[in-house]
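Chemist: Supplied in structure tokens, the structure appears directly below.
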Amino acid sequence: CSDHGEMAGEHGCWWKSNYYEGSVSVPLIARLPGTVADGQVNASICNLIDLGPTLCDLGGAAIPSGMEGRSLWSELKGESAGEPRETFSEHLGTSQEQPSRMIRSGPWKLYHYHGDEHPVLYHLEDDPDEWNDLAQDPTHAAQRSELMNRLYADWDPEQVLRESAVLDQDYQTIRQWGAALNPPHPDNLPVPDAEEVTRL
């Protein structure tokens, strides 16, 4: 598996940090001879946080209480997972940006940038390339409302901003400390002499 995708020009993007499938949808390849068969494809929605519970299941260990995610073990063995899966993704680069969150549930994907008037809504089976935003389509108002309620049910973007501001302040303190002391470390490369760089 990998932690994220990279856009390759889709929608004019050449970076991650967006909610298009090229960025948020990453491969998960599993193989365990005799248990996880080869040549199978499963389109179930999952998230990297599902790996922890899955590995616990694989090793026969109890999944610790409070661990996020759900085990993929039954699906890897070719069994039905039962309830439909959905997943969330969040992004906040710095406290100067607006926090955002996405929900993917079945064929639906909805995301919202805090402060924007409207969310974005796609039906990925009908529109796999994500060109037709359905968020303002009255025929999908109920779906939009349901997903927005789920998106914000346990997410407070204002709290995200407050916590991010504290982390930014901590980062600046550490950065200033490092710049002032320049503490030696065996992994640091030596800073070249300015005259030597000029000669090179």
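The values are calculated or read from the model by the stated rules, or taken from the named source; none is laboratory data. Computed from a predicted model, the values in this text were never measured in an experiment. Neighbour counts are summed over all protein chains in view; Cβ atoms, including those assigned to glycine, are modelled from backbone coordinates with ideal geometry. Just so you know, the surface numbers come from the protein's heavy atoms only, side chains and all, with ligands and any DNA or RNA stripped out. Shrake-Rupley method; radii C 1.70, N 1.55, O 1.52, S 1.80 Å.
Chemist: Of all the residues that make up the range 71-82, how many are in a loop (DSSP other than H, G, I, E, B), modelled with pLDDT of 85 or more and hydrophobic (A, V, I, L, M, F, W, C)?
Modeler: Number satisfying all stated conditions: 1.
Chemist: Identify, by number, the condition in (1) buried (at least 16 other Cβ atoms within 10 Å of the Cβ); (2) part of a loop (DSSP other than H, G, I, E, B) that V41 doesn't meet.
Modeler: Every listed condition holds for V41 apart from (1).
Chemist: Also: Only residues that are surrounded by 14 or more Cβ atoms within 10 Å (Cβ to Cβ) and either in contact with a helix residue (DSSP H, G or I) (Cβ under 7 Å, 6 or more places away or on another chain) or without any contact (Cβ under 8 Å) to a residue 12 or more places away in the chain (or both): list them for the range 45-62, please.
Modeler: Those that are surrounded by 14 or more Cβ atoms within 10 Å (Cβ to Cβ) and either in contact with a helix residue (DSSP H, G or I) (Cβ under 7 Å, 6 or more places away or on another chain) or without any contact (Cβ under 8 Å) to a residue 12 or more places away in the chain (or both): T54, L55, D57, L58.
Chemist: How many of the residues making up the range 1-17 are within 19 Å of W131 (Cβ to Cβ) and among the hydroxyl-bearing types (S, T, Y)?
Modeler: Qualifying residue count, the range 1-17: 0.
Chemist: Any residue at all in the range 15-22 that is in contact with a helix residue (DSSP H, G or I) (Cβ under 6 Å, 6 or more places away or on another chain) and open to solvent by 50 Å² or more (accessible area, probe 1.4 Å)?
Modeler: The answer is yes; a qualifying residue exists.
Chemist: A further question follows. If you take the residues of the range 83-104 that are open to solvent by less than 60 Å² (accessible area, probe 1.4 Å) and assigned to a loop (DSSP other than H, G, I, E, B), which of them is modelled with the highest pLDDT?
Modeler: The residue in question is P99.
Chemist: Right, G66: under 26 Å from E163 (Cα atoms) and either without any contact (Cβ under 8 Å) to a residue 12 or more places away in the chain or more than 17 Å from the chain's Cα centre (by Cα) (or both) or not? Break it down stepwise before answering.
Modeler: Details: under 26 Å from E163 (Cα atoms): yes; either without any contact (Cβ under 8 Å) to a residue 12 or more places away in the chain or more than 17 Å from the chain's Cα centre (by Cα) (or both): yes.
Yes.
Chemist: How about the range 23-38: which of its residues are open to solvent by 50 Å² or more (accessible area, probe 1.4 Å) and under 17 Å from L110 (Cα atoms)?
Modeler: The one that is open to solvent by 50 Å² or more (accessible area, probe 1.4 Å) and under 17 Å from L110 (Cα atoms): S25.
Chemist: For residues that are over 18 Å from N18 (Cβ atoms) and surrounded by 11 or more Cβ atoms within 10 Å (Cβ to Cβ), scanning just the range 106-133, find the one that is farthest from the chain's Cα centre (by Cα).
Modeler: Taking the range 106-133 and keeping what is over 18 Å from N18 (Cβ atoms), we get 106-107, 117, 123, 125-126.
Going one step further and asking which of them are surrounded by 11 or more Cβ atoms within 10 Å (Cβ to Cβ), we end up with 106-107, 123.
Working: G106: 17, P107: 17, H123: 19 Å.
By that ranking, first place goes to H123.
Chemist: When you go through (1) loosely packed, with under 11 Cβ neighbours inside 10 Å; (2) within 18 Å of the chain's Cα centre (by Cα); (3) under 30 Å from L32 (Cβ atoms) one by one for S80, which number turns out not to apply?
Modeler: (2)
Chemist: Given the residues N149, N132, which is the only one that is of a type in the set (S, T, N, Q), modelled with pLDDT of 95 or more and closer than 21 Å to G12 by Cβ?
Modeler: Details: N149 fails: closer than 21 Å to G12 by Cβ.
After applying the criteria, what remains is N132.
Chemist: If you take the residues in the range 154-179 that are open to solvent by 80 Å² or more (accessible area, probe 1.4 Å) and within 18 Å of S100 (Cβ to Cβ), which one is nearest to the chain's Cα centre (by Cα)?
Modeler: Of everything passing the filter in the range 154-179, D154 is nearest to the chain's Cα centre (by Cα).
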